[in-house]
1. Condition (residue is more than 11 Å from the chain's Cα centre (by Cα), among the β-branched types (Val, Ile, Thr) and surrounded by 11 or more Cβ atoms within 10 Å (Cβ to Cβ)) applied to segment 54-76: is it met by at least one residue?
2. Only residues in segment 51-67 that are closer than 14 Å to Ile24 by Cβ count as the first member; pair them with residues that are of a type outside the set (A, V, I, L, M), Cβ under 7 angstrom, at least 6 apart or cross-chain, and list the lot.
3. What's the number of the only condition in (1) touching a Leu at 6+ places or on another chain (Cβ under 7 Å); (2) over 18 Å from Asn19 (Cβ atoms); (3) at pLDDT below 90 that Thr78 fails to meet?
Amino acid sequence: MRVQGLTEQEISALCDMWNLGNPIDVLAFLDRNDIPQDVRHRVLNEAGFEDMSLTHQARAQRYRDAQAQIVIELAKLTFAQ
């Protein structure tokens, strides 16, 4: 699996570094105090939790999209330091 050019090993390392769990728990991520508000907003937007008209399959896809967005955002935060 690749997300924005990151290899599976790099993604795994980010998940370990940020203690995200496996699979990544989007709700737990959104509750973290060490995540900037703008990052939370982008992940929440990807998750589409507010759209109750989505089918189960569409919701599952949006959740996976939110997990990928978490990886993207944490890569930015990690490598920008």
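The values are calculated or read from the model by the stated rules, or taken from the named source; none is laboratory data. For clarity, every value in this text was computed on a predicted model and none was experimentally measured. No Cβ is skipped: glycine too gets one built from the backbone with ideal geometry, and neighbour counts run over all protein chains shown.
1. Taking segment 54-76 first, the residues more than 11 Å from the chain's Cα centre (by Cα) are 54-61, 76.
Filter again for among the β-branched types (Val, Ile, Thr), leaving 55.
Pick out the ones that are also surrounded by 11 or more Cβ atoms within 10 Å (Cβ to Cβ) and you get none.
No, that holds for no residue.
2. Sorted first by the residue in segment 51-67, then by its partner, the pairs are Arg62/Glu46; Arg62/Gly48; Asp65/Glu46; Ala66/Glu46; Gln67/Pro23.
3. Checking Thr78 against (1) touching a Leu at 6+ places or on another chain (Cβ under 7 Å); (2) over 18 Å from Asn19 (Cβ atoms); (3) at pLDDT below 90, the one that fails is (2).
Yes/no per residue for (1) outside any loop (DSSP other than H, G, I, E, B); (2) touching a strand residue (DSSP E or B) at 6+ places or on another chain (Cβ under 6 Å); (3) of a type in the set (S, T, N, Q):
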| residue | (1), (2), (3) |
| --- | --- |
| Leu14 | yes, no, no |
| Ile24 | no, no, no |
| Asp38 | yes, no, no |
| Glu46 | yes, no, no |
| Asp65 | yes, no, no |
| Ala68 | yes, yes, no |
| Leu74 | yes, no, no |
